[in-house]
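Reading through the structure tokens given below for one structure.
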Amino acid sequence: MPRKIAAGNWKMNGTRASLAELSAIATAHPAPSVEVLICPPATLLARATDAGAVALGGQDCHAKTSGAHTGDVSAEMLADAGASYCLTGHSERRTDHAEDDATVAAKSQAAYDAGLTAVICIGETLAEREAGTTLDIITGQLNGSVPLTATATNTVIAYEPVWAIGTGLVPTTDQIAEVHAHIRTHLADKDIPLLYGGSVKASNAAEIFAVPNVDGALVGGASLKAEDFSPIITALENA
Ligand code: PGA
């Protein structure tokens, strides 16, 4: 069985004061029965290691280990700062930084090489869904973004429909089930955890976690405050 993961992506939000939220999450779940992961901004990673029983992740890494890449952060640096995970291929990276599948695969491999688990994000746009090409898009992203060396230890897949991110729109449970079943069938290692992401909140988490092949969630907005994220963790523990 894939392990269950409640993951938070703080995106470009958070200063030192936000570490209190992290501590509050850790305090509310001192011995969680699911993995709890927070991906704060890279600036907070090293300080966040004091928060307690919460795994930490970067939100992006460079494909190279070091060198002349101003402003970038390597997977090795993230690991050194206390991360055990790194998001790769988030749709905001694919859009804002024109990252293609090959770049995402190279970054995911860099994460593996640094001993990190890559949370590889995939998902269709609204236009792609309306054109009926969702499963083809997902297949293409899996083929292009997931290294052949992916295992249940070094990889998590996050299915995040682009149109559901930060919009309050959520696919139907049938739509989530269809895509997750497709991803599960496609992956060589059937124990790779599959997360759903896109407008997950306390009020819809239990329904989403009941969908077959959903092993957890990647949560943006509702991961910033302990009072919003904690019930999502509990919903996954109870799923
Ligand atoms: P959201 O973001 O929960 O705010 O929709 C999800 C994500 O981008 O990972």
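The values are calculated or read from the model by the stated rules, or taken from the named source; none is laboratory data. Treat the numbers as computed from the prediction; the structure is a model and nothing was measured. Here the Cβ positions follow ideal geometry from the backbone for every residue, glycine too, while neighbour counts run over all protein chains shown. The protein model used for the area step is the full one, side chains on, heavy atoms only, and it has no ligands, DNA or RNA in it. Shrake-Rupley method; radii C 1.70, N 1.55, O 1.52, S 1.80 Å.
Assorted remarks:
- The mean sequence separation of alpha-carbon pairs under 8 Å and at least six residues apart, normalised by the residue count of segment 46-86, gives a relative contact order of 48 percent.
- Compared with the direct C-alpha span, the chain from A31 to A188 gains 53.4 nm at full extension, assuming 0.36 nm per residue.
- Global geometry of segment 133-239, whether rounded, prolate or oblate, following the gyration tensor of its Cα atoms and the 1.5 cut on a/c: prolate
- Accessible surface of the chain, 1.4 Å probe, proportion on carbon and sulfur as whole %: 54
- Gain on full stretching of the segment that runs from A102 to K225 - 0.36 nm per residue minus C-alpha separation: 40.9 nm
- Nearest-0.05 FRET efficiency for R3 and A181, computed from C-beta distance (R0 25 Å): 0.85
- Here the relative contact order of segment 103-184, from alpha carbon pairs under 8 Å that lie six or more residues apart, stands at 38 percent.
- Put the Cα centre of segment 1-61 next to the Cα centre of segment 190-238 and the gap is 14 Å.
- Sparsely packed GluC sites (Glu not before Pro) within segment 108-217, loop by DSSP, other Cβ within 10 Å at most 13: none
- Accessible surface computed residue by residue for segment 162-207, with neighbouring protein chains in place and a 1.4 Å probe, gives 44 Å² per residue.
- Close amide H contacts of G216 (hydrogens built in the peptide plane, cut-off under 5 Å, sequence separation of 5 or more or a different chain): I5, Y196.
- Legend: distances between Cα atoms for K190/K225; K4/K201; K64/K201; pairs beyond 28 Å are K190/K225; K64/K201.
- Counting only whole DSSP H helices of the chain, the ones at least 15 Å long by C-alpha along their axis and with mean Kyte-Doolittle hydropathy no lower than 0.0 are 134-145, 226-238.
- Here the extension length gained between A53 and E207 equals 52.8 nm, from 0.36 nm per residue of separation less the Cα-Cα distance.
- Percent RCO, i.e. relative contact order, over the chain, from Cα pairs under 8 Å lying at least 6 residues apart: 22
- Summed over the residues of segment 44-121 and divided among them, the accessible surface reaches 44 Å² per residue at a probe radius of 1.4 Å.
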